[in-house]
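Enquirer: Starting off with a structure, shown below.
The values are calculated or read from the model by the stated rules, or taken from the named source; none is laboratory data. None of these values were measured; they are calculated from a predicted model. Neighbour counts are summed over all protein chains in view; Cβ atoms, including those assigned to glycine, are modelled from backbone coordinates with ideal geometry.
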Amino acid sequence: MKTAIFGGTFNPVHIGHLILAEEVLRQTNYDRVLFVPVNIPPHKAIDDPGPKMRLLMLSKAVSCYAFFEVNDCEIRRSGVSYSIETIRYLVKTRIVESRPGFIIGDDQAEEFATWHEPKAIAEETQIIVLHRKYRDELALDFPHVYVRNGLFPISSTDIRARVAEHAAWETMVPPEVRTMIKAEKLYGFANK
């Protein structure tokens, strides 16, 4: 089964993540998307309910999709999460085949050269770029394929801010995630 790895903080996972993963399956020759939530991201600080809570929200959000799976290897490994270490672990343990797909947004592609071992990532995976920030394809210095997707005006950062400000956010996340945010009072949620 050809697998595309989709890493991220998923803080929280939202409908944009799920739609983009579906577009990868629809427009490429991959059979499944493996979501891998980061433990501690190397490139940014996060306002975080904790990696286990993010993992639980993600697992619930994808549970009804036949071709989506979640792997918690970065959380179990603890510490800062580097993509190349995750890719090598998933291949070595045969969770994914050799040279899997590796999904990134065009916003991440812009900074790809600053990642830990970017050349190795480009050699050991097929990089799949999603439109997150730009409508046009970027000229990138590594082999990649682009998915033709629309831009979604949804981000986890915006959702967290909306929850804290009591602004509309409920339709931006899957129902299971909405229930967890309310029940656990995540991201500053409080009953009105």
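Enquirer: Looking only at region 60-79, count every residue that is of a type outside the set (D, E, K, R) and under 16 Å from residue 22 (Cα atoms) and tell me the total.
Expert: First pass over region 60-79, keeping only residues of a type outside the set (D, E, K, R): 61-68, 70-71, 73, 75, 78-79.
From what's left, under 16 Å from residue 22 (Cα atoms): 61-68, 70.
The qualifying residues number 9.
Enquirer: Another question about this same structure. If you check residue 117 against the conditions, is it in contact (Cβ under 8 Å) with a residue 12 or more places away in the chain and in contact with a Lys or Arg (Cβ under 8 Å, 6 or more places away or on another chain)?
Expert: no
Enquirer: What are the residues in region 172-192 that are part of a helix (DSSP H, G or I) and without any contact (Cβ under 8 Å) to a residue 40 or more places away in the chain, if any?
Expert: 175, 178, 179, 182, 183, 188
Enquirer: In this structure, does residue 154 turn out to be surrounded by 13 or more Cβ atoms within 10 Å (Cβ to Cβ), in contact with a Gly (Cβ under 8 Å, 6 or more places away or on another chain) and assigned to a loop (DSSP other than H, G, I, E, B)? Don't jump to the end; show me each part of the working.
Expert: On the way: surrounded by 13 or more Cβ atoms within 10 Å (Cβ to Cβ): yes; in contact with a Gly (Cβ under 8 Å, 6 or more places away or on another chain): yes; assigned to a loop (DSSP other than H, G, I, E, B): yes.
Answer is yes for this residue.
Enquirer: Any idea which residue in region 5-34 is farthest from residue 156 (Cα to Cα), counting only those that are over 11 Å from the mean Cα position of the chain (by Cα) and either among the acidic types (Asp, Glu) or in a strand (DSSP E or B) (or both)?
Expert: Let us first name the residues in region 5-34 that are over 11 Å from the mean Cα position of the chain (by Cα), namely 15, 19, 22-32.
Of the ones still in play, those that are also either among the acidic types (Asp, Glu) or in a strand (DSSP E or B) (or both) are 22-23, 31-32.
Details: 22: 18, 23: 19, 31: 26, 32: 23 Å.
Checked region 5-34; the qualifying residue farthest from residue 156 (Cα to Cα) is 31.
Enquirer: Restricting to region 157-167, name every residue that is assigned to a loop (DSSP other than H, G, I, E, B) and either on the phi > 0 side of the Ramachandran plot or at pLDDT 95 or above (or both).
Expert: First, pick out the residues of region 157-167 that are assigned to a loop (DSSP other than H, G, I, E, B): 166-167.
Of everything in region 157-167, just one residue is assigned to a loop (DSSP other than H, G, I, E, B) and either on the phi > 0 side of the Ramachandran plot or at pLDDT 95 or above (or both), namely 166.
Enquirer: Can you pull out the residues in region 41-82 that are of a type outside the set (A, V, I, L, M, F, W, C), part of a helix (DSSP H, G or I) and out of contact with any helix residue (DSSP H, G or I) (no Cβ under 6 Å at 6 or more places or on another chain)? Write out each step before concluding.
Expert: The initial filter retains those residues of region 41-82 that are of a type outside the set (A, V, I, L, M, F, W, C), namely 41-44, 47-52, 54, 59-60, 63, 65, 69, 71-72, 74, 76-79, 81-82.
Filter again for part of a helix (DSSP H, G or I), leaving 51-52, 54, 59-60, 74, 76-77.
Within region 41-82, 52, 54, 59, 76, 77 meet the criteria.
Enquirer: Can you tell me which residue is modelled with the lowest pLDDT among those in region 77-127 that are under 29 Å from residue 153 (Cβ atoms) and of a type in the set (Gly, Ala, Ser)?
Expert: 81
Enquirer: Another question about this same structure. Looking at region 83-130 only, could you name the residues that are closer than 15 Å to residue 4 by Cα and in a loop (DSSP other than H, G, I, E, B)?
Expert: Answer for region 83-130, where residues must be closer than 15 Å to residue 4 by Cα and in a loop (DSSP other than H, G, I, E, B): 94, 95, 96, 97, 98, 99, 100, 125.
Enquirer: Quick check, is residue 55 in contact with an Asp or Glu (Cβ under 7 Å, 6 or more places away or on another chain), buried (at least 20 other Cβ atoms within 10 Å of the Cβ) and over 26 Å from residue 171 (Cβ atoms)?
Expert: So residue 55 fails the test.
Enquirer: Restricting the search to region 120-144, which residues are in contact (Cβ under 8 Å) with a residue 24 or more places away in the chain, under 16 Å from residue 82 (Cβ atoms) and among the aliphatic types (A, V, I, L, M)?
Expert: 120, 121, 127
Enquirer: Please indicate, with yes or no, whether at least one residue in region 60-79 is under 20 Å from residue 180 (Cα atoms), of a type outside the set (Lys, Arg) and in contact with a Gly (Cβ under 7 Å, 6 or more places away or on another chain).
Expert: Within region 60-79 (the criterion being under 20 Å from residue 180 (Cα atoms), of a type outside the set (Lys, Arg) and in contact with a Gly (Cβ under 7 Å, 6 or more places away or on another chain)), the answer is no, since none of the residues qualifies.
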